[in-house]
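Colleague: Got a structure for you, written out below as structure tokens; questions coming shortly.
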Amino acid sequence: MEQLLTLYRASGDNINPTIIVDLINRSLALPGVYTLVEFDDLIRARVESSANLKADRSIANHLELLDIFVYGTWAEYIGKSDTLPKLTKPQATKLKQLSLAILGASSNVLSFDTIAKQLDLSESEIEKFLIDCIYSDVCVGLIDSKNRRFEIKSVIARDVSSQRLAELESLLDKHIQQTSYIISENKTAASLLKEQAGERHIQVQDYRKGVANAFPKSTTHGRGPSF
């Protein structure tokens with residue numbers, strides 16, 4: 001990443017659409033670099049500062065592509081591939097690796113069928129792809145060829161978009177509200193039980209008093225009647 005940032009800084013005031021597109025393409029294929037949010041922020045700030053750069057359609061398309069590498073998945077790229085730049089083989093591999101990280105963050109066991117479907121891999125490509133991901137430190141896991149699944153222990157962290165962050169905050173707010181409601185309901189139930197216990201205690205005391213009044217203790221302690 002430092003090499004890429006050096007190239008960006010070296011362009012200085014001479015930066016133009018061709019240089020920006022080249023820098024973005026380099027970032028998408030850069031081996032071992034899976035967090036591009038810093039670079040994305042720099043490029044976007046530079047583009048926003050120039051009307052000519054903002055108006056360039058090629059830059060806009062490549063920025064959208066960069067966004068997918070920063071936050072998205074292979075499936076998202078395929079859904080927009082008609083309007084986005086075509087990927088080179090190294091770029092496609094990198095995006096599939098990043099997509100595996102997202103899949104692995106959601107489930108610690110992925111079937112080969114799921115991986116093949118989500119990443120457009122053939123049966124013969126799956127195991128080699130997973131081995132490359134492990135050696136590239138994208139993930140740590142066990143390839144279970146017999147059961148045709150990948151058992152994941154850990155994956156690299158992906159950047160979170162502001163939209164996704166808002167969604168997570170909304171989910172957290174709902175969880176807090178639900179938890180507060182449950183606590184409130186439990187407190188109400190506990191208060192009701194306490195009140196019912198108090199009422200039962202009073203009823204027992206009243207019952208005992210009634211029994212005592214109905215059957216007073218004898219003062220003769222078992223001796224016969226007095227004449």
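Colleague: Has segment 64-76 got any residue that is farther than 25 Å from ILE152 by Cα, without any contact (Cβ under 8 Å) to a residue 24 or more places away in the chain and outside the structural domain of ILE143 (by TED's automatic domain parsing)?
Modeller: Yes, that holds for at least one residue.
Colleague: Select from segment 44-59 the residues that are among the small types (Gly, Ala, Ser), exposed (fewer than 13 other Cβ atoms within 10 Å of the Cβ) and either under 27 Å from the mean Cα position of the chain (by Cα) or in a helix (DSSP H, G or I) (or both) and list them in ascending order.
Modeller: Of segment 44-59, the ones among the small types (Gly, Ala, Ser) are 45, 49-51, 55, 58.
Now drop any that are not exposed (fewer than 13 other Cβ atoms within 10 Å of the Cβ), which leaves 45, 49, 51, 55.
Hits for segment 44-59 are ALA45, ALA51, ALA55.
Colleague: Somewhere in segment 73-93, is a residue closer than 15 Å to ARG149 by Cβ, within 18 Å of the chain's Cα centre (by Cα) and either among the aliphatic types (A, V, I, L, M) or assigned to a helix (DSSP H, G or I) (or both)? Steps first, answer last, please.
Modeller: Keep residues of segment 73-93 that are closer than 15 Å to ARG149 by Cβ, which gives none.
The answer is no, given that none of the residues of segment 73-93 is closer than 15 Å to ARG149 by Cβ, within 18 Å of the chain's Cα centre (by Cα) and either among the aliphatic types (A, V, I, L, M) or assigned to a helix (DSSP H, G or I) (or both).
Colleague: Which condition breaks for LEU100 when tested against (1) free of Cβ contacts under 8 Å to residues at least 24 places away in the same chain; (2) in the same structural domain as VAL138 (by TED's automatic domain parsing)?
Modeller: Of (1) free of Cβ contacts under 8 Å to residues at least 24 places away in the same chain; (2) in the same structural domain as VAL138 (by TED's automatic domain parsing), only one is false for LEU100: (1).
Colleague: Does ILE143 fit the bill of being surrounded by 12 or more Cβ atoms within 10 Å (Cβ to Cβ) and touching a residue at least 60 places away in the same chain (Cβ under 8 Å)?
Modeller: Numbers: surrounded by 12 or more Cβ atoms within 10 Å (Cβ to Cβ): yes; touching a residue at least 60 places away in the same chain (Cβ under 8 Å): no.
No: the conditions fail for ILE143.
Colleague: So, in segment 84-138, exactly how many residues are closer than 17 Å to THR35 by Cα, touching a Leu at 6+ places or on another chain (Cβ under 9 Å) and of a type in the set (A, V, I, L, M, F, W, C)?
Modeller: 5
Colleague: Do you know which residues across segment 16-43 are part of a helix (DSSP H, G or I), without any contact (Cβ under 8 Å) to a residue 60 or more places away in the chain and closer than 19 Å to LEU98 by Cβ?
Modeller: The answer is LEU23, ILE24, ARG26, SER27, GLU38, PHE39, ASP40, ASP41, ILE43.
Colleague: Another question, then. Has segment 164-176 got at least one residue that is in contact with a helix residue (DSSP H, G or I) (Cβ under 9 Å, 6 or more places away or on another chain), at pLDDT below 70 and not assigned by TED's automatic domain parsing to the domain that holds SER107? Even if it seems obvious, please write down each step before you answer.
Modeller: First, the residues of segment 164-176 that are in contact with a helix residue (DSSP H, G or I) (Cβ under 9 Å, 6 or more places away or on another chain): 164.
Those left that are additionally at pLDDT below 70: 164.
Checking the rest, the ones that are also not assigned by TED's automatic domain parsing to the domain that holds SER107 come to 164.
The answer is yes, given that some residue of segment 164-176 is in contact with a helix residue (DSSP H, G or I) (Cβ under 9 Å, 6 or more places away or on another chain), at pLDDT below 70 and not assigned by TED's automatic domain parsing to the domain that holds SER107.
Colleague: If a residue has to be polar (S, T, N, Q), assigned to a helix (DSSP H, G or I) and closer than 18 Å to THR73 by Cα to count, how many in segment 96-148 make the cut?
Modeller: Counting residues in segment 96-148 that are polar (S, T, N, Q), assigned to a helix (DSSP H, G or I) and closer than 18 Å to THR73 by Cα gives 5.
The values are calculated or read from the model by the stated rules, or taken from the named source; none is laboratory data. Just so it is clear, the structure is predicted and the values come from calculations on it, not from any experiment. Quick reminder, even Gly has a Cβ in these numbers, built from the backbone with ideal geometry, and neighbours come from all protein chains shown.
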